[in-house]
Amino acid sequence: LRLAFHPQSEAFSFEKLESDFAETAARLEADWAIHTEEKKLRTLIMVSKLDHCANALLYGARIGELPIEPVAILSNHPTLAPTLQHWGLPFHTVPITPDTKAEAEAAMFKIIEENEIDLVVLARYMQILTNESCEKLSGRCINIHHSFLPSFKGARPYHRAHERGVKMIGATAHYVTADLDEGPILAQVTEDVDHSHSANDFVSIGRSLEATALVRAVKAHSEHRVFLNGMKTVVFS
């Protein structure tokens with residue numbers, strides 16, 4: 001159950017509501033939470049070399065479409081530092097090699113802890129998090145996968161889709177889990193394609209779909225409209 005309400009009395013106390021409801025919830029043995037609309041989730045956006053998803057999130061936050069507070073950007077490459085500097089956020093570059101993955105993830109968690117991050121968004125961050133990191137970020141890390149899962153995992157998905165002559169392409173936003181690209185799905189967006197589209201057309205269309213799916217997923221999560229049910233999600237409108 002999800003209930004949204006607006007108190008009408010000036011005497012309303014959020015703390016008293018929580019205290020009073022806790023008694024009822026205890027009798028019902030309920031899992032529950034109460035959130036205020038004005039509280040925005042402090043968000044870390046992680047990128048590699050593509051900026052379309054990050055820009056969509058940052059613009060959505062700026063115009064008030066997304067109830068998030070972007071706090072910092074983290075990348076494994078310095079490439080996007082000049083491109084994203086106009087957003088006025090700290091840009092952290094933490095290179096990763098197979099030999100430095102543990103140190104890189106430790107640096108990531110240091111940024112998360114120092115900035116009191118509520119939500120981590122992998123906005124085309126092209127690195128696989130370790131199982132330990134996935135567990136630590138469970139339920140508060142969202143990834144965008146550049147295909148309509150479960151098809152075409154891995155590199156160059158749009159080119160592989162074009163080679164197969166698919167009639168629909170898409171993007172999937174999901175929670176990050178230790179099972180690569182198989183976390184609970186939050187949002188999926190698709191578009192019809194045909195023989196007249198080139199592989200580059202697929203990539204161009206895909207960028208738009210990725211940004212749209214990721215924004216929808218982050219919006220649902222940050223508005224507390226998502227309920228986890230095993231490996232599935234229930235997303236309220």
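The values are calculated or read from the model by the stated rules, or taken from the named source; none is laboratory data. Model, not experiment: these values are computed from the prediction. Positions of Cβ are generated from backbone atoms using ideal geometry, with glycine treated the same way; all protein chains shown enter the neighbour counts. The area values use the complete protein model at the heavy-atom level, side chains included, leaving out ligands, DNA and RNA. Shrake-Rupley method; radii C 1.70, N 1.55, O 1.52, S 1.80 Å.
Listed here are the residues, each with its yes/no results for (1) over 16 Å from the mean Cα position of the chain (by Cα); (2) part of a loop (DSSP other than H, G, I, E, B).
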residue	(1), (2)
182	no, yes
186	no, no
201	yes, no
204	yes, no
213	no, no
224	no, yes
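Mind checking which residues of the stretch 1-41 are of a type in the set (Phe, Trp, Tyr) and either within 25 Å of residue 65 (Cα to Cα) or touching a strand residue (DSSP E or B) at 6+ places or on another chain (Cβ under 8 Å) (or both)? Residues satisfying the conditions are 5, 14.
Considering each residue of the stretch 84-95 in turn, at least one proves to be part of a loop (DSSP other than H, G, I, E, B), in contact (Cβ under 8 Å) with a residue 12 or more places away in the chain, in contact with a helix residue (DSSP H, G or I) (Cβ under 9 Å, 6 or more places away or on another chain) and open to solvent by 80 Å² or more (accessible area, probe 1.4 Å).
Considered as a group, the residues in the stretch 100-148 that are aromatic (Phe, Trp, Tyr) and free of Cβ contacts under 8 Å to residues at least 60 places away in the same chain include one that is least open to solvent (accessible area, probe 1.4 Å), and that residue is 109. Within the stretch 13-28, not a single residue is open to solvent by 70 Å² or more (accessible area, probe 1.4 Å) and in a loop (DSSP other than H, G, I, E, B).
Check 161, 178, 155 and return the single one that is closer than 30 Å to residue 30 by Cβ and not hydroxyl-bearing (Ser, Thr, Tyr). Spell out how you get there, then give the answer.
Working: 161 fails: closer than 30 Å to residue 30 by Cβ; 155 fails: closer than 30 Å to residue 30 by Cβ.
178 is the lone residue from the list that is closer than 30 Å to residue 30 by Cβ and not hydroxyl-bearing (Ser, Thr, Tyr).
Of all residues in the stretch 68-76, one or more are among the hydroxyl-bearing types (Ser, Thr, Tyr) and either under 26 Å from residue 130 (Cβ atoms) or assigned to a strand (DSSP E or B) (or both).
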